[in-house]
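The values are calculated or read from the model by the stated rules, or taken from the named source; none is laboratory data. Source: prediction; values computed, not measured. Don't worry about glycine lacking a Cβ; one is built from the backbone with ideal geometry, like all the others, and counts go over all protein chains shown. To get the accessible areas, we keep the full protein, side chains included, count just its heavy atoms, and leave off ligands, DNA and RNA. Shrake-Rupley method; radii C 1.70, N 1.55, O 1.52, S 1.80 Å.
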Amino acid sequence: MLLKELVKIIESKYSPNLAYEWDNVGLLVGDYGSGVKRVLLALDADESVIEEAVERGVDIIITHHPFLFKGMKKINSSSYRGRAVIRLIKEDISLYSMHTNFDIARDGLNDGLCRKMGLKNIEDLSIIQAEKLVKIAIYAPKTHEDAVRRALAEGGAGHIGNYDSCSFSTDGVGRFRPLEGSNPHVGRKDMVCDIEEVKIESVLPKEKLNSALEHVFSVHPYEEVAYDMYELLNEGDSIGIGRIGETEREVGLEEFAEGLKRGLDIELLKIAGDPKMNVKRVAVVSGSGSEFMGESVKKGAQVIVTGDVKYHQAQEALEKGIAVVDVGHYGSEKIFAEIMSEFLKGSTKGVEILTSNASSDVFWSI
Ligand SMILES: [Zn+2]
């Protein structure tokens, strides 16, 4: 499989458009035209993971944390990151990262955490924005209208509520004159040609536009496909970060935390709150989620599960009436490889998906 095909598969599910503006996601190192036979999944691309990638002969490392985050003005051997980039290029290993887009996306980190915790009635915790919708209109000859409609649907267009393959078609006449250098599907050079065509309109989330167009181009017979696209004022589904859900039954905070420790396979977690207080409604934020405590309280959560909570933030949370379980930054994100492995194994063929053995928490405890 070509790297560009793998990237297309990943981005059709975890669109880079979902990432925060300050983030740096996507293909950070690599050649879109190179081949991929073996993938290594890890939370970070640190030295040991890159070494592992070389030893296991992988073609690409896919991480959650972007290895290149702040701008790099020099790529040379005097810095840790410079050496790493040089090594990756020399070893012909690509590097792809999905960060806040993976936190936000459906079936990303936060949904994965909720699943591990067995939470029900899951909603977004903090709404970031409503999905931006676009309308696309494709002009196709009548002979290819069904193929183009199907391609649009396969590319992610025409999904409205519980319906898919939604489109609207209008018959009309297309006119064009093939010029020197053209290779027209129909018509002759230097002659204006009238063709029975159909205009097919469909609505889709902005982030699926490229995918829909690629699908259409693959079946449309014309050398130059005529199409329009425009942004809509209608809003699609909301997009949010963090999740809030409910446990199967009300449990004491200590029992809840013990279940969490087992479920997420974490060595150490920190808890703030009365061990005997009852917990049912749970806010979940992967990574560092202290800033979402107020919102969690507003949405009725009795406890927030996140990482990187400072002493005074935990104190403030208790004052606001919400308990805190700090599973650690790594603890809340270590399931990245598991989620991606499941997704890639189900959506790629002929590609070996490996999970890093070297990837680990930067902290250890005694
Ligand atoms: Zn993180």
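Extension gain for the segment Lys116 to Phe217, taken as residue separation times 0.36 nm less the Cα-Cα distance, is 32.3 nm to one decimal. Using a Förster distance of 35 Å, how high is the FRET efficiency between Glu255 and Trp364, based on the Cβ-Cβ distance and rounded to 0.05? According to the calculation, E is roughly 0.85. Working from label points 7 Å from Cα in the Cα-to-Cβ sense, the Lys132 to Glu231 distance is 0.5 nm.
Among 359-366, 204-211, how do they line up by average Cβ neighbours within 10 Å per residue, starting with the highest?
Going from most to least packed, we get 204-211, 359-366.
Farthest toward the positive end of the dipole of the chain, out of Asn162, Leu253, Gly289, is the Cα of Gly289, where the dipole comes from beta carbon charges about the Cα centre. Tell me which DSSP H helices of the chain clear both cut-offs, 20 Å or more of axial length from alpha-carbon atoms and a mean Kyte-Doolittle hydropathy of at least 1.6. Sorted by number, there is nothing, because no helix extends far enough and scores high enough.
Which shape class applies to segment 244-366: rounded if a/c is under 1.5, otherwise prolate when a/b exceeds b/c and oblate if not, where a ≥ b ≥ c are the square roots of the Cα gyration tensor eigenvalues? Walk me through the numbers on the way to the answer.
On the way: a/c = 2.15, a/b = 1.79, b/c = 1.20.
Judged from the Cα gyration tensor, segment 244-366 comes out prolate (a/c at least 1.5, a/b above b/c).
Applying 1/(1 + (r/R0)^6) with r as the Cβ-Cβ distance of Ser165 and Lys90 and R0 = 45 angstrom yields a FRET efficiency of 0.40. Applying the Kirkwood pairwise sum to the alpha-carbon positions of segment 129-237 produces a hydrodynamic radius of 14.6 angstrom. Taking a ≥ b ≥ c as the square roots of the eigenvalues of the Cα gyration tensor of segment 1-40, is the shape rounded (a/c under 1.5), prolate (a/b larger than b/c) or oblate? It is prolate, given that a/c is not under 1.5 and a/b is the larger ratio. Expressed as a fraction of 2.2 N^0.38 Å, the value expected for a compact globular protein of N residues, the C-alpha radius of gyration of segment 42-180 is 1.61.
You can think of it this way: the chain between Lys70 and Glu248 has 59.8 nm of extra reach, that is 0.36 nm per residue less the Cα-Cα gap.
Computed over protein heavy atoms with a 1.4 Å probe, the carbon and sulfur contribution to the accessible area of the chain reaches 49%. With contacts taken as Cα pairs under 8 Å at a separation of at least 6 residues, segment 129-237 carries a relative contact order of 47 percent. Counting only DSSP beta bridges whose two residues both lie in the chain, roughly 70 percent are antiparallel. In this structure segment 129-237 gives 62 Å² per residue of accessible area when probed at 1.4 Å with all protein chains present.
Relative intensity of the chain on a log10 scale, I(q)/I(0) at q = 0.08 Å⁻¹, equals -0.52, per a Debye sum over C-alpha point scatterers of equal strength in the absence of solvent. The mean accessible area for residues of segment 1-126, using a 1.4 Å probe and ignoring ligands and nucleic acids, is 47 Å² per residue.
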